[in-house]
1. Residues Val142, Val153, Val149: which one is modelled with pLDDT of 90 or more, under 17 Å from Tyr59 (Cα atoms) and among the hydrophobic types (A, V, I, L, M, F, W, C)?
2. Name the residue that is farthest from Tyr56 (Cα to Cα), counting only residues in the stretch 105-118 that are surrounded by fewer than 21 Cβ atoms within 10 Å (Cβ to Cβ) and more than 10 Å from the chain's Cα centre (by Cα).
3. Could you list, in sequence order, the residues of the stretch 68-95 that are over 14 Å from the mean Cα position of the chain (by Cα), modelled with pLDDT of 85 or more and buried (at least 18 other Cβ atoms within 10 Å of the Cβ)?
4. What pairs come out if I take residues in the stretch 123-140 that are part of a loop (DSSP other than H, G, I, E, B) and pair them with residues that are hydroxyl-bearing (Ser, Thr, Tyr) and at pLDDT below 80 whose C-beta lies under 6 Å away, six or more apart or interchain?
Amino acid sequence: MKKNDLIFIGVLLLLGLVSLFAFKLYENSQSTGNIYAKIYYQDELILMIDLKSNEYVIYDTVYKDDVIVERAEEGIFYVPGAIMTEAEMAELWESDVFADQHGIVGIKLLVKDEKIEVDYQVSPKDLCELQPPTNSSLQPIVCLPNRLVVNVVTDMSTGEFIPDTIME
């Protein structure tokens, strides 16, 4: 490798880092201070969570009965998962008494320090759990085996948080 090649690679890396920093700076400047996570299951918006207050909205979909929010004050939400069976939930039930007592079959989301993460799920190689907690719209959580996507929105006003069709 020649010296000019190394300089070119260094310049490209520097440009990439500067671009990432600029995107983050722009995202923070456009933010209202409110951070929301929109949870999609099989391409339908099923739940929206305010990451600062753990307030939530359950959308009126066919999956509304599969969204469990009794532990929202603790930052714990259960949503459906595509490949979950009761047999596969044994590990969660051992560590989560609430999930065991209520026979919950699904994905466990955790909101902590204004970030959301997948705390438990079943998928090949557990790729969904390996994704880091996020509060950035540039870093969604995508769990393709379970058909779950978590998008973070930082530029909504509080008035936009309440949708037209919600579950009371």
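The values are calculated or read from the model by the stated rules, or taken from the named source; none is laboratory data. Owing to the predicted nature of the structure, the values given are computational and were not obtained by experimental measurement. Heads up, the Cβs are rebuilt from the backbone with ideal geometry, glycines too, and the neighbour counts pull from every protein chain shown.
1. Val149
2. Val105
3. Ile68
4. Every condition considered, the pairs that remain are Ser137/Thr154.
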